[in-house]
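Please treat every number below as a calculation from the coordinates, not as lab data. Note that the coordinates shown come from a computational prediction; the quantities given were computed from them, not determined experimentally. Neighbour counts run over all protein chains shown; Cβ positions are idealised from the backbone, glycine included.
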Amino acid sequence: MFAIPSAQKLPSARVLPAWRAILVASCSLMAGACAENKAVLSSLVEPKPSSGITTSSTPDAASPTDPAKAQDALRKATQYWGNIYAKDPSDGEAAYNYARNLKALGEKQQALMVLQSSVDMNPQHRGILSEYGRLALEFDQISVAQKMLERADDPLQPDWRITSARGTVFAKQGQYAEAIPYYERAMELAPDKASVLNNLALAYTMEGKADKAEPLLRKAAVIGKDDARVQRNLELVLGPNSETATGKSKGKATASNAWSAEVRASR
C-alpha cells in the first residue's frame, strides 16, 4: 500500500537493494577445528523492500497489484515529488519522499545527491538522516553513514532499521564485537526480521560464537525462506553435513574487512 505523504515520516520500508557483504572465512566451521580451506559466507542481509511508495494519491487509488501499474505509479510519484523538490529544495518532506522513490526506481546515486543537498537544510529531519545514513553505508561512505545514523538514532523512539545499520557500520570495518550490541538491540525491536537475525548470526560467527549463530540462522532461514543467502549462511555455519555438524563446537571464523554492498532495503 502506498503511503500518504507526511512530514518527517520514517519509511515503512527502506527500499532497495542494499549491502551484499562478502565474508571470507579462513577456518572451517565444523567440528571445532580450523582448516586451510576458505569458505565464503554470504553478506549481511538487509530487509527486502516493501511495495510501499510515497505518492500524492489516496491509499485506495495507490495500491496497484499489477507490477506494470505499480511501476507506473512509482514513476508518477517520483515525478510528483521531484517537481515539488525542484520548486523548493529546502522542503524536507519533498526531498525525503523524492529520494525514497528515486531509490525504488534504482536511481540510488541521484537519491544520494538529493539527500546530501537537503540534510543541512533539514538537520532535524529524522527520515532524511536515516535514509542518507543507510544509503551512504551502501556506497561504503562509512564515516558519513556513522555520523548520519548517530544523529537519526533516537533512544526514545528506536527504529530497528537505524539500529541495525549502525551495527553494520562496525561490521563493514571488521569490528564484529562492536556490531553485536546493535544487532542484538535491533533483534529486540524486530525479532521476526530475517535480515536482523542473519546479521547478528554472522557477527557471532565472526567472533567465534557459532553455537549462538546456529539457532538464529535456523530461524532466519524459516522466515526468509526465499532468500538464498540466508540459506547458504546456515549451511556454512553448520558445515557441509548439517546432521553431523549440529551440536558440535565450531571453529572460530575470521573475515576480511571488506563488506561489499548489496543492501536490500527495509520494511
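Checked against a 28 Å cut-off, the cross-linked pairs Lys172/Lys193; Lys76/Lys219; Lys87/Lys172 give Cα-Cα distances beyond that limit for Lys76/Lys219; Lys87/Lys172.
From the Cα gyration tensor of the range 95-155, with a ≥ b ≥ c the square roots of its eigenvalues, which class applies: rounded if a/c is under 1.5, or else prolate if a/b is larger than b/c, or else oblate? It comes out oblate by the Cα gyration axes. Between Gly208 and Ala253, the built amide H atoms are under 5 Å apart, and every one of these is 5 or more places off in sequence or on another chain. Hey, how many Å between the Cα centroid of the range 138-171 and the Cα centroid of the range 86-111? Using only Cα atoms, the two centres lie 20 Å from each other. Label positions at Asn83 and Ala177, each projected 7 Å from the Cα along the C-beta direction, are separated by 5.6 nm.
The residues Thr168, Thr78, when put in order of fewest to most other Cβ atoms within 10 Å, stand as Thr78, Thr168. Loop-located trypsin sites (Lys or Arg not before Pro) across the range 121-175 with a Cβ neighbour count of 15 or fewer within 10 Å are lacking, with loop assigned by DSSP.
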